[in-house]
Structure formats: structure tokens, C-alpha cells
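The values are calculated or read from the model by the stated rules, or taken from the named source; none is laboratory data. Keep in mind it's a predicted model, so treat the numbers as computed, not measured. Positions of Cβ are backbone-derived with ideal geometry, glycine not excepted, and every protein chain shown enters the neighbour counts. Quick note on the areas: whole protein, heavy atoms, side chains included, nothing else; ligands and nucleic acids left out. Shrake-Rupley method; radii C 1.70, N 1.55, O 1.52, S 1.80 Å.
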Amino acid sequence: RQITQAGLELIGCDNPAADAEIVLVGAEALASVGLTRMSFDLTLPTLVPILLDDASVTGSMRAVLSRALDRKDAASVSQHGGTLAATLTDLLEAAGPADRALKALRSAALPTAGRDLANRLAEAVAAIRARAPTLRLTIDPVEFRGFRYETGVSVTIYAPGRHEELGRGGRYICGEAEPATGLTLFPDAVLRAAL
């Protein structure tokens, strides 16, 4: 019943270069088995909680809004978003190619912690592109499903034409307080995509 996994971790480094390194090593690992057309979907799982905390969205309204974001329901986000409706809707609709999403993040009204995350993501994207300019990068600024303990830039890997994840990971805290980032590849899914 155990899921086969292959993991990479970079412990002790807390900078955009480390965030980029995990993506780049993942891309190299996939390329070694012939997978070169992957899509690396980047996200900031803590951005939505930061925005909701800053706007004092709590209780049942927080649950309703989180569910709407989870389901990518722009109409419900607009209806229940209150003062965040415009920002969250813009970020929801910005999901896709990295440049479009980064532009939306730059123009969004974000609290300081959210702005720091957005800047960190932009720096990680620049570091990835400096070493792998053809790597396909997408960004979903408000994606948080399945990212239970990630604390910063996170990633999910997809193959064109396939609906399963080939890998997933991101920034987290190792142990009590040590910064880390990592990536888990799913070898069974990788092999299916490579065949």
C-alpha cells in the first residue's frame, strides 16, 4: 500500500536560488528518463491564508471562501470575497503562464508578507530561467490543495496530455526551525509518462 517515491531535499538554505535548484534538479532527473516537455506549476500555498488573515476573514466565511478558491469558482469568490473579492478574483484568473501570473501578482494589493512571497516567487522564476530558459513554468497564485506543510514557493509537475502528477514539493520547515525545500517524484507516474 506504500506509494513509491523518490525525494530530493535541500536543507539549510532559505533563498530563491534554493527554490529554483529543486525545480532544476527535478527537471534534470526527468530529462534523464527522456521527459523534457514537462510543465512545472508553481504556487504560494500560504498566500491565501495571509490574505484572509490580513482581511480578518474567519469562521464560516473563511471556509466558504477557501472552498470557492479550491474549486476555482470565480463567481463564488466574487460573491463571498468581500474586500478581497477583486484581488482574489484577479489572482484566480491569472493562473497560467508564469509571466501573466507574475504580472498579476506585481499589481495586486498584497500585505507585506504576501508581497514578500510574490517577490520571492519572481526571483525563483528568474533563477530557473537563467539556467533553463526553455523550461515550461506556470503559476497558480492561489493554489493550496494538498500543500499541507509548505511555507513558500511550491511546485507540482505535470506531463503534457496526462492528468496525474509526476512530482510535488516546495519550501517547508525541517525539524523545529531549519529552512528546507524538497521535491517528491512519483516513479510509477514518471514511468507511465516516459513509455
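Out of all the residues in the range 149-170, which are within 15 Å of Asp41 (Cβ to Cβ), under 12 Å from the mean Cα position of the chain (by Cα) and of a type outside the set (Gly, Ala, Ser)?
Passing the criteria: Glu150, Val153, Val155, Thr156, Ile157, Arg168.
Please find, among Asp19, Asp14, the residue that is charged (D, E, K, R), surrounded by 14 or more Cβ atoms within 10 Å (Cβ to Cβ), outside any helix (DSSP H, G or I) and touching a residue at least 60 places away in the same chain (Cβ under 8 Å).
That would be Asp14, the only listed residue that is charged (D, E, K, R), surrounded by 14 or more Cβ atoms within 10 Å (Cβ to Cβ), outside any helix (DSSP H, G or I) and touching a residue at least 60 places away in the same chain (Cβ under 8 Å).
Residues checked against (1) under 30 Å from Ala75 (Cβ atoms); (2) in contact with a Cys (Cβ under 7 Å, 6 or more places away or on another chain); (3) at pLDDT 95 or above:
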site: Pro97; (1), (2), (3): yes, no, yes
site: Pro111; (1), (2), (3): yes, no, yes
site: Ile128; (1), (2), (3): no, no, yes
site: Thr134; (1), (2), (3): no, no, yes
site: Val155; (1), (2), (3): yes, no, yes
site: Arg162; (1), (2), (3): yes, no, no
site: Leu185; (1), (2), (3): no, no, yes
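Tell me yes or no: at least one residue of the range 42-59 is outside any loop (DSSP other than H, G, I, E, B) and of a type in the set (Ser, Thr, Tyr).
yes
Restricting to the range 38-71, and then to whatever is basic (Lys, Arg) and loosely packed, with under 15 Cβ neighbours inside 10 Å, can you tell me which residue is nearest to the chain's Cα centre (by Cα)?
If we take residues in the range 38-71 being basic (Lys, Arg) and loosely packed, with under 15 Cβ neighbours inside 10 Å, then Arg71 is nearest to the chain's Cα centre (by Cα).
Quick one: in the range 140-193, of everything that is among the polar types (S, T, N, Q) and surrounded by fewer than 20 Cβ atoms within 10 Å (Cβ to Cβ), which residue is farthest from Pro16 (Cα to Cα)?
Among them, the one singled out is Thr184.
Name the one entry in Arg115, Arg129 that is in contact with a strand residue (DSSP E or B) (Cβ under 8 Å, 6 or more places away or on another chain) and either more than 15 Å from Leu42 (Cβ to Cβ) or open to solvent by 60 Å² or more (accessible area, probe 1.4 Å) (or both).
That would be Arg129, the only listed residue that is in contact with a strand residue (DSSP E or B) (Cβ under 8 Å, 6 or more places away or on another chain) and either more than 15 Å from Leu42 (Cβ to Cβ) or open to solvent by 60 Å² or more (accessible area, probe 1.4 Å) (or both).
Assess whether Thr112 counts as being of a type in the set (S, T, N, Q), farther than 30 Å from Arg192 by Cβ and free of Cβ contacts under 8 Å to residues at least 24 places away in the same chain.
When the stated conditions are applied, Thr112 passes them.
Given the criteria over 20 Å from Thr151 (Cα atoms) and not in a helix (DSSP H, G or I), does Lys72 qualify?
yes
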